[in-house]
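Read-outs throughout are calculated quantities, based only on the coordinates presented, and are distinct from any laboratory measurement. The structure presented is a predicted model; accordingly, all values stated were derived computationally and were not measured. Counting neighbours? That spans all protein chains shown, and the Cβs are built from the backbone with ideal geometry, glycine included.
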Amino acid sequence: MKLQQLRYVWEVTRHQLNVSATAQSLFTSQPGISKQIRLLEDELGVEIFARSGKHLTRVTPAGEAIVELAGKVLRTVDDIKHVAQEHSDERRGSLAIATTHTQARYVLPSVIGEFRQKYPDVALHMQQGTPKQIAQMVSEGAADFAICTESLELFNDLVLLPCYRWNRCVLVPKGHPLASGELTLERVAEHPLVTYVFGFTGRSQLDDAFKSRDLTPNVVLTAADSDVIKTYVRLGLGIGIVAHMAVDPVADNDLVAVDASHLFESSTTKIGIRRGTFMRTYMYDFVKRMAPHLDRETVERALAAGPRHEAELFKGIQLPVL
């Protein structure tokens, strides 16, 4: 059994059993991958993949167990490399962050700017996706940190570190009826809404608020990108409901942001880290820059806690509000 064979098996499953796409991503040949997988199956005496002709059709039950173990082996190998790097040069390496548009656009720039000044030789990689995709990237080892509000709790192998709380505002053009007077859910429900796709940026709290008052909001357009929401508010499609941190006082000075924190429950943005991840010094530093209360000792205690028991460490903590 070779490490290369395990990597091929793991990567093929990540590419939806497409051997050609796997070969391109690994800069190798399709026949070479197929041959090595066959050799591994012959050595183990089981089929990892079911086939129809030359095409892989599904992962067998035995294959599912092997793929899971292969992932663990490959992550352990990466950890060994990280240990060596940490002792050879603690200021050099890479950091992959998976996050949403709102975090990438409005929260992370200042954090990353400071981080880059201290660690210019750490290569940063940012990936965006839905909260579920983001959590899955970290769960599978494709990213180091997941930074978002929704869906992290769906993956039991992630340690969840609360960073800050935030709430929403209603965006309207100047002169709009909601720009003045008391803002209520009833008044908001009278207008067409432009807001986040379900599963993005605390959308569930928004839906729960309307439901609790037996109101049915008229959602005419949803988007994953707060800047897209603002664009359609400007076009007159409806009023926008966005995270308050997504409002730029300069770029958005043609709109009025009406505080809606009294209408909706606040949301908490968290950092998700796969349990067992080898944390390098600069990774601890990044987390602390993101949330000052998450110092190295606190993060280490959370990583050492049992699944979901890290939440007990943060009971009663006063999170900063953005």
What is the distance in Å between the Cα centres of segment 1-49 and segment 244-322? 38
Assuming R0 = 56 Å, what is the FRET efficiency of Glu43 and Arg296, from their Cβ-Cβ distance, to the nearest 0.05? 0.85
Check: segment 1-104 dipole with +1 on Lys, Arg Cβ and -1 on Asp, Glu Cβ, in debye: 320
Name all residues of segment 252-280 having a backbone nitrogen under 18 Å from the label point set 7 Å from the Cα of Glu190 along its Cα→Cβ direction, giving them as ranges. 258-260, 263
Cα-centred dipole magnitude for segment 141-272, charges only on beta-carbon of K, R (+1) and D, E (-1), debye, nearest 20: 200
Going from the alpha-carbon gyration tensor of segment 190-294, what semi-axes, largest first and in whole Å, does one get by taking the root of 5 times each eigenvalue? 31, 18, 13
Computed on alpha carbon atoms, what radius of gyration and Dmax characterise the chain, expressed in Å? 23.1, 74
Near-label residues of segment 36-52 by backbone N, under 19 Å of a point 7 Å along Cα→Cβ of Gln30: 36-39, 49-52
From the residues Ala260, Ala305, Asn218, which one has its Cα farthest along the dipole of the chain in the positive direction, the dipole being from +1 and -1 charges on Cβ of Lys/Arg and Asp/Glu about the Cα centre? Ala305
Do any GluC sites (Glu not before Pro) in segment 129-216 lie in a DSSP loop with no more than 15 other beta carbon atoms within 10 Å, and if so, which? Glu182, Glu190
Dipole in debye (nearest 20) - segment 224-322, about Cα centre, beta carbon charges: Lys, Arg +1; Asp, Glu -1: 520
How much length is gained on full extension from Val83 to Asp248, taking 0.36 nm per residue of separation minus their Cα-Cα distance? 55.3 nm
Can you tell me how much longer the chain between Glu153 and Gln318 gets when fully stretched, taken as 0.36 nm per residue apart minus their C-alpha distance, in nm with one decimal? 57.3 nm
As an exercise, find the ratio Rg/Rh for segment 33-151 from alpha-carbon atoms, using the Kirkwood inverse-distance average for Rh. 1.10
Per residue convex hull volume, Cα only, segment 94-165, in Å³ is 90
Could you grab the relative contact order for the chain? Cα pairs under 8 Å, six or more apart, rounded to a whole percent. 20
